[in-house]
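Structure, as structure tokens:
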Amino acid sequence: MKRRSFLTGAGLTAVAASTLPAPAIAAGKRKLKMVTTWPKNLPGVGVSAERLAKRIKVLTEGKLDIKVYGAGQEVPPLQCFDAVSSGAADVYHGAEYYWQGKSPAFNFFTTVPFGMTADELCAWIYHGGGQELWDELSAGYNIKAMMAANTGVQMGGWFRNEINTLEDLKGLKMRMPGLGGEVFRRLGVAAVTMPGNEVYQALESGAIDATEWIGPWNDLALGFYQIAPYYYWPGIHEPGPALAAGWNLDVWNSFTDHQRTAIETACAMENDVCLADYNYHNAVALQTLVSEHNVKLRRFDPAILAALKKTSIEVVAEMAEKDPMTKKIHASFQKSLTMQRKWTRIADQAFLNARDPQE
Ligand code: CA
């Protein structure tokens, strides 16, 4: 008591902390497990998961110490959702559309063919009611998810031969998963799903004639240009897919307000940083593909794009009828997109058309 009488407030705090037994300080620290749908440290998305975990640790002053596991290290990639839902893992970093078997509504929180750009998706999720609907959907699985990365616009894919007409698509065997696969299937493509590490060999053996993957940066690394030299744009099936961090809801609710804010801050930042990573490195890799590897860039023919658009709208609308929650989320997504595109058209799109007109 005698000492305290002359200590300032700040000094008192310092003394009090230093006299606490070590375990009491350590008690506030938690070790958490993050499972991911990506190979450990895969450039872009894998690195994004690591950066997110590190930033959360710093922002919580070491209190939340997250260990990141690559795809298959703890659970197979597509089981990340169940692992977090059950509490076997604390958080996943992955793409929500991988969980479309649980509910087709998850597609809207990654991307849908002819859907939103990364900017438009942010507008809907942050300000147009998207996050509230996402919370409602995920809570049914004991999960709280949020955007935590984005790859930007993807490419249309690699083809052995030129695709000039809709006829050229008929009978083509192509790696094209998810809703994009269904769209291409309705145009006569034999669309198949396979993980990225199997695609090169499938192309080389002739098991497939074409493949989509991500964009120049990740595609260059997998070497598809060696077999299929025609690289088509744009990737209408994935116009700006967001990736997510999904937390076990009990774990999320056990965090302090400070920790939850730190996590939301780190995820929002990672959403930007990852998108910038893709936009920068896609541009660098595109240059390499064209100048060093003689890749032939091709735009899809307008008639093909028109058919893809019509079919995409049908596929998404049909999916929306599958259950009431998907219908509700589709209605909100569509309302935001309808409004947003009127702005995008006279803002970003008009500016880009003026800056870089295309014949
Ligand atoms: Ca893709």
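The values are calculated or read from the model by the stated rules, or taken from the named source; none is laboratory data. All figures in this text were calculated on a predicted structure; none of them were measured in a lab. A quick note on method: Cβ atoms are made from the backbone with ideal geometry, for glycine too, and the neighbour counts reach across all protein chains shown. Heads up: the accessible areas ignore ligands, DNA and RNA and are worked out on the full protein's heavy atoms, side chains in. Shrake-Rupley method; radii C 1.70, N 1.55, O 1.52, S 1.80 Å.
Here are some notes:
- Condition check for L42: surrounded by 17 or more Cβ atoms within 10 Å (Cβ to Cβ) and farther than 15 Å from L243 by Cα: no
- D323 free of Cβ contacts under 8 Å to residues at least 12 places away in the same chain and either under 30 Å from K170 (Cβ atoms) or of a type outside the set (G, A, S) (or both): no
- Test: A306 is outside any helix (DSSP H, G or I) and surrounded by fewer than 20 Cβ atoms within 10 Å (Cβ to Cβ): no
- Scanning the range 193-212 for residues that are open to solvent by less than 50 Å² (accessible area, probe 1.4 Å), in a loop (DSSP other than H, G, I, E, B) and at negative phi turns up M194, I208, D209, E212.
- Of all residues in the range 213-242, those satisfying the criterion of being touching a strand residue (DSSP E or B) at 6+ places or on another chain (Cβ under 8 Å), open to solvent by less than 10 Å² (accessible area, probe 1.4 Å) and within 12 Å of the ligand (Cβ to nearest atom) are D219, G235, G240, P241.
- Test: residue in the range 266-282 that is assigned to a loop (DSSP other than H, G, I, E, B) and on the phi < 0 side of the Ramachandran plot: no
- Enumeration of residues in the range 138-163 that are within 16 Å of the ligand (Cβ to nearest atom), touching a strand residue (DSSP E or B) at 6+ places or on another chain (Cβ under 8 Å) and open to solvent by less than 10 Å² (accessible area, probe 1.4 Å): A149, N150, T151, G156, G157, W158, F159
- Residue check, T60 under 29 Å from A285 (Cα atoms), crowded, with 18+ Cβ neighbours inside 10 Å, of a type in the set (S, T, Y) and touching a residue at least 60 places away in the same chain (Cβ under 8 Å): no
- Qualifying residue in the range 196-204 (condition: more than 16 Å from the ligand (Cβ to nearest atom), polar (S, T, N, Q) and free of Cβ contacts under 8 Å to residues at least 12 places away in the same chain): yes
- Only a single item in (1) more than 14 Å from the ligand (Cβ to nearest atom); (2) surrounded by 20 or more Cβ atoms within 10 Å (Cβ to Cβ) is not met by Q259, and it is number (2).
- Consider the range 164-184 and keep the residues that are more than 16 Å from the ligand (Cβ to nearest atom) and not aliphatic (A, V, I, L, M). The one that is surrounded by the most Cβ atoms within 10 Å (Cβ to Cβ) is K173.
- Test: residue in the range 101-108 that is under 23 Å from T261 (Cβ atoms) and open to solvent by 10 Å² or more (accessible area, probe 1.4 Å): no
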